[in-house]
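Beneath this line is the structure, given in structure tokens, with notes to follow.
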Amino acid sequence: MSTTDATETALRAASERLLRGESTRSDGSLTVASLAVEAGVSRASAYRHPHVLTEFRTLVADREEAATPSASLRQEVQTLKSAERRLRQEHAREVRELRSSINVLAQQVQLLTLENELLSKAAERSDRVTRIDRR
């Protein structure tokens, strides 16, 4: 095997390790410099194999593109955020309405309690009411 073939083989193996995130010699960044360090060759030697570098860059770009959310996903996120905002506003409005209803109902209960107390006292003082014992 010639030196050129050995360098190409080392570059391809290093490319696979870097893309898997299993670097052994470099910092693991997906650059040509890291690829050369990972392969154990100089950058000049790496640049003598442009087809390997092109393949590496293409794989890196594909990987980054796959990690980037697509336009449809971004649109869906925006739609969900606006729906959440609308639901939060509706919820806040309903809570305000319910709190208002609670206050009104509490006042009505208080009024009825006072009225009941007045009627009970009036009934006790009234001579017209005859009490019947329950047996």
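Any read-out appearing in this document is the output of simple, stated calculations on the displayed coordinates, not a laboratory observation. These numbers come from a predicted model, not from an experiment. Quick reminder, even Gly has a Cβ in these numbers, built from the backbone with ideal geometry, and neighbours come from all protein chains shown.
On a full-extension model of 0.36 nm per residue, what is the gain between Leu119 and Arg48, subtracting their alpha-carbon distance, rounded to one decimal in nm?
Gain on extension, Leu119 to Arg48, equals 15.0 nm.
Any idea what the dipole of the range 3-67 comes to, in debye rounded to 20, about its Cα centre with Lys/Arg Cβ at +1 and Asp/Glu Cβ at -1?
180 debye
Which GluC sites (Glu not before Pro) does the range 3-45 hold that lie in a coil by DSSP with at most 11 other beta carbons within 10 Å?
Sites meeting the loop and neighbour criteria: Glu22.
Using the crude model of +1 on Lys and Arg Cβ and -1 on Asp and Glu Cβ, and no other charge, please compute the dipole size for the chain relative to its Cα centre, in debye to 20.
760 debye
Can you give the calculated 222 nm mean residue ellipticity of the chain, where each DSSP H run of n ≥ 4 adds -39,500 (n - 2.57) and the sum is split over every residue, rounded to the nearest 500 deg cm²/dmol?
Value at 222 nm, helices only: -26500 deg cm²/dmol.
Volume per residue, Å³, of the convex hull around the alpha-carbon atoms of the range 3-67?
Spread over its residues, the Cα hull of the range 3-67 gives 67 Å³ apiece.
Which percent of the Cα-Cα distances in the chain go past 22 Å?
68 percent
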